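I have placed the structure first, in the form of structure tokens, so that the comments after it can refer back to it.
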Amino acid sequence: MKITRMVLLFMLMVYGTLMNAQESGNDSIQVYFSKINELVEQKNKYPEEFLDLEFLLAKKAAAKGTEEIELLLDLYTAYVFSSWETAKKYNEEAFRLSEAIGYRKGILKANYNSAYLSFMKGNFEESMNLVREIDSVLDEETHPEIHADVITLQCDIYTEMGEFDMALEAGLNLLDSAEKRDNDYMLMMADAALSHYYLRIGNFSMARDYCLKGLDYIIKLKRTEYFYPKINEIARMTAKMEGPEKALEIYSFYFELEKKIPPPGDYVQSIAYMILSDIYMSIGELDLAQLYLSKALKMNFANQFRFRTPRAFVQQAELYLKKKDTSKAILNYEKSVAAAELINAFDVVKSNSAILAGLYAKTGEFSKAYEYHTLHSAIRDTLFTNEREQKISILEANRRIKEVTQQKQFLELKNKAHQSKYYTIAICLVCLLFISGFATYEYLKLKGKNRFLYQRTMELAKIQVDMKGKLELFQNAKTNHLKNTEKEKISNTYQALDDEVKDIIMVRLEKLENDEFFIEPNCNLHQLSILLKTNPKYLSQVINQEKKSNFNNYINELRINYLLPKLIKDEEFRNSKLSYIAVSLGYNNLNTFNAAFKKRLGRLPSYFIDQLNSGSNEELLDDIEPLYQKIGFKLSEVIRSSNGFQGKGSTSL
């Protein structure tokens, strides 16, 4: 009887907890907004947290050393979303002072801020190079918060470039590290990174879950600069999940907040206008949608927010489609593709090229439709592979298993549809653990008086052990299967290429050869693949098959072939310093140039030039005439027709 009463009491508590959780889930967004309002009403108590400019400037005037640096970094934060130039000025001042006094935290933070400013302008490669430099010298143990900033920015860059597997892996690793440390700031940044990732792949439920968890830490830490961005994200997710009316209610709170604290600045406001445009478009209010989109485009161009421009053009194209103006829609989709290619946002290029192929097919322009279909296929096949999708699935599955194991589901605020499912699973686990623990306790207390309870407990323990062993065997089998699958995919990477795509690459490659791309100092496989709008692995395979050479030998051959007529015809050039000649070919290192030249002609460039200057041209002909004919010239004609040369038995011109 005693056990029965306790079990009934426990089930009542569980039922009450579930009902309360469902009610709080429905109102969770309003609960957070109420907390924000409460904090805003006390803003006079927290002038530094609310980035009050008068307060910060007055305090800075009297500050010295590290305190002054921290205030300069706060001023950067106050301006970063509203005035890019002012934020940059304060950050550079903080960096100079930090270097002067050897304040390592200030140096690292200022370098991270520079990387973030580059990200805001859409300079993803520059931003990624900066964060990698910081990460290479950063000690996570000493500066965990800067480490969180760096990894979050890496995750955001990967997401914007469409490298979703890398973004998810970085975000989950940061979340694991944050949970081990129980560091609120790191948890806030990890939730922000994962929210951004899930938002971009269209999983709005997961995106909002992480967004709300992050907002909880933002309020707790009083990081008021993130209020507006988070409200924007919540509105966008709510529009997709619950409809435009609910999203407009959230924007009512957004605009009310602008009356109480300073507005967020163009960086945040431009995305707010883009979201509002999308909402009004969805309910047929096309004039309002155009009004907000025009404001967003103006802000994006004025501030050079390059990574937002492609999606703004997509929205403009969708608006024209709503207005039945297909030609203008096509024009804006093409503008979006061009803007996305500038920042390597290949996921945008992939989706828009498919749309353009369909639109051109409908308008009867089948050659253009074929061109965009080919572009879409090339990117889909070479960049967005099944291996990446499989990696994402594994990462997400592992995270879900870990969350259930650690009972993290009780700490998450979930929407109504998913909340019931996850809480049911969690409650079943808790019930099982409770009953097992209670049975064990009764056994120890009463010992031999309840033999039946003892036997049932032992049976349950055996089942758990068997299940654990089976799970380990399953996991090992799954791991081996994934490894074998990975090996098979790698072995199939170099199968025969699609002839149409290969022909397109070869035509573009020939054009670049004629444009002498190979004399650029930064000519490498990655840069060339970007110019050709393909994947580096794919391009390397084409060069191996069609040019019968690896990439480095291919570039060296082009450079030496380009150099030979210049040496023969231009006396002033060939008598320049060898280092100058090497640089003019794109070599950064004289030894590399010497090695490439000797490999191609069998002699050093200095010896070759001496022979030319001494008039020993006939000796050169015998050695390199066959080599030079491969590129379409007769070396003897080039040498003998060159001003200033007189070979054996020849007459000077």
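The table below gives the values:
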| quantity | calculated |
| --- | --- |
| Charge context of TYR580, other residues only, Cβ under 14 angstrom, K/R +1, D/E -1 | +1 |
| For region 253-369, size of Cβ-based charge dipole, Lys and Arg +1, Asp and Glu -1, in debye | 140 |
| Share of carbon and sulfur in the accessible heavy-atom surface of region 164-242 [1.4 Å probe, %] | 45 |
| Hydrodynamic radius by Kirkwood, which averages 1/r over all alpha carbon pairs of region 312-381, in angstrom | 11.8 |
| Additional length obtainable on full extension of the chain from ASP503 to GLU99, 0.36 nm per residue less Cα span | 140.1 nm |
| Pairs beyond 32 Å (Cα-Cα), from LYS88/LYS213; LYS230/LYS295; LYS88/LYS350; LYS511/LYS566; LYS43/LYS89; LYS89/LYS220 | LYS88/LYS350 |
| Radius 12 Å from Cβ of ARG132, net charge of other residues (Lys, Arg +1; Asp, Glu -1) | -4 |
| Using alpha carbons only: equivalent-ellipsoid semi-axes of region 50-161, gyration tensor based, whole Å | 24, 17, 11 |
| Dipole of region 148-281 [Lys/Arg +1, Asp/Glu -1 at C-beta], most positive-end residue of GLY171, LEU276, LEU221 | LEU221 |
| Heavy-atom accessible area order for HIS373, HIS143, largest first, 1.4 Å probe | HIS373, HIS143 |
| Rg over Rh, two decimals, region 69-129 (C-alpha only, Kirkwood Rh) | 0.97 |
| Simple spin-label estimate for ASN37 and GLU169 in nanometres, 7 Å along Cα-Cβ | 4.6 |
| Under 12 Å, Cβ to Cβ, from LYS335 - net charge with Lys/Arg +1 and Asp/Glu -1 | 0 |
| Mean separation of Cα contacts under 8 Å, 6 or more apart, over the residue count of region 162-317: relative contact order % | 13 |
| Stretchable slack from TYR607 to THR66, in nm (0.36 nm times residue separation minus alpha-carbon distance) | 188.8 nm |
| Region 66-123: relative contact order as a whole-number percent, Cα under 8 Å and 6+ apart | 32 |
| Pairwise FRET efficiency - GLU49 versus GLN527, Cβ, R0 = 51 Å, nearest 0.05 | 0.70 |
| Region 207-239: chymotrypsin sites (Phe, Trp or Tyr not before Pro) in DSSP coil with no more than 10 other Cβ atoms inside 10 Å | none |
| Spin-label model distance (nm) - GLU371 vs PHE255, 7 Å beyond Cα toward Cβ | 4.3 |
| nm² value of the averaged projected area, convex hull over the Cα atoms of region 324-364 | 2.6 |
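The values are calculated or read from the model by the stated rules, or taken from the named source; none is laboratory data. Owing to the predicted nature of the structure, the values given are computational and were not obtained by experimental measurement. Methodologically, a virtual Cβ is constructed for each residue, glycine included, from the backbone with ideal geometry; neighbour enumeration extends over all protein chains shown. All accessible areas refer to the heavy atoms of the entire protein, side chains included, with ligands and DNA or RNA removed. Shrake-Rupley method; radii C 1.70, N 1.55, O 1.52, S 1.80 Å.
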